[in-house]
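What follows draws every value from the coordinates through simple rules; no lab data is involved. What you see is a predicted model, and the numbers here were worked out from it, not measured in a lab. Glycine also receives a Cβ, built like all others from the backbone with ideal geometry; neighbour counts cover every protein chain displayed.
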Amino acid sequence: MPMRWLSCATIFLLVSVITMPRFTSSYSPLPPPNQNQNIIPGSKLNPADIYDPNTMSGPLGRQADDFFLQTFRKALATSLLQSESDFQPSYDGMIDMIRKIHSASPTQSSCVQKSRATLQSLFPDWPPSPKSTTGLLYWFKILFSTPFPSFSSKLNAYITCACSQWLMGPSSLLPLPSSSSSGSGSNNLVEIKRCRYLEATKCASICVNTCKLPTQQFFNEDMGVKMRIVPDYESYGCRFEFGVEPTEEDERLAKDVKCFAECPSGGEERRRLSCMN
């Protein structure tokens, strides 16, 4: 069974590379998102960019999206030590799980760590790997990311675009300037026009501590793929820049953005995590 699974994974990687151009958009320069303290969250929302789950799906189709949602819900429930049935059987139920992870975390670092562990649990712990690592992630880092950084960046950008639209909304593959990314920079940017996750949680702190920081750590440290996330809180857009390392300034700007007016906790959760970091 393990060898059969590995063969399937190898075939998937090859098919991914061959079919990658199907999801590639033509180049259009993108201005850096506005991330200063003077922005007004949600002030530049475009109604045309909203995700409609009744009429839209990712490139792999509705059944694949439903599978990804249920798999992620199970991982979140395990992280919470609860049953899936304790929450609504929907995307909204998944968001309730995310909020609970955030509110139950005593510190910012513990919230980030728990969210990162949830991502790790989505991947098989095989082949055997050193202690405190996840098998598939460890060997991807050894066999792909380290010797082939440009290929690994492009592959992960492609897979993210193909498999995560149910979570974040419609996204496109775009090139990054070669000076800022590994290799040529071609197809290294996943651009989300209006993030469904951010809009549903209505909380910059949840965005930073359950998505941006843990996802960056997951790719950079667990998979060995350089990557940073740049949210735009005015438009609810986001950029997943593969081949680009995150910086301390990125994190400071993300953490310093004003709370959303619609934040369910009125900013209290963010203040709590900031004080107890």
Show me, for the range 214-228, the HN-Hα J-couplings you get by feeding each phi into the Karplus relation (A = 6.51, B = -1.76, C = 1.60, θ = phi - 60°), rounded to Hz, glycine and proline as x. x, 5, 4, 5, 4, 5, 5, 9, 7, 9, x, 9, 4, 6, 9
Report the local net charge at ASN156: Lys and Arg +1, Asp and Glu -1, summed over other residues whose C-beta lies under 12 Å from its C-beta. +1
For the range 66-275, count the residues as N, evaluate 2.2 N^0.38 Å, and divide the Cα radius of gyration by that value, please. 1.00
Extension gain (nm, one decimal) between ASP66 and SER83, 0.36 nm per residue minus Cα-Cα: 4.3 nm
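For a distance above 17 Å, tell me the whole-number percent of Cα pairs in the range 60-149 that qualify.
Of all Cα-Cα pairs in the range 60-149, 59 percent lie more than 17 Å apart.
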Give the shape of the range 42-94 as rounded, prolate or oblate, defined through the alpha-carbon gyration tensor: a ≥ b ≥ c are the square roots of its eigenvalues, a/c under 1.5 means rounded, and otherwise the shape is prolate if a/b is larger than b/c and oblate if not. oblate
In what sequence, highest mean first, do 82-92, 65-75 appear when ranked by Cβ atoms within 10 angstrom? 65-75, 82-92
Cβ-defined net charge surrounding MET94, 13 Å radius [Lys, Arg +1; Asp, Glu -1]: -1
At 7 Å along the Cα-to-beta-carbon direction for both SER110 and LYS258, put a label point, then send me their distance in nm to one decimal. 3.2 nm
Once you have the Cα-Cα distance between LYS100 and GLU249, take 0.36 nm times their residue separation minus that, and quote the gain in nm to one decimal. 50.8 nm
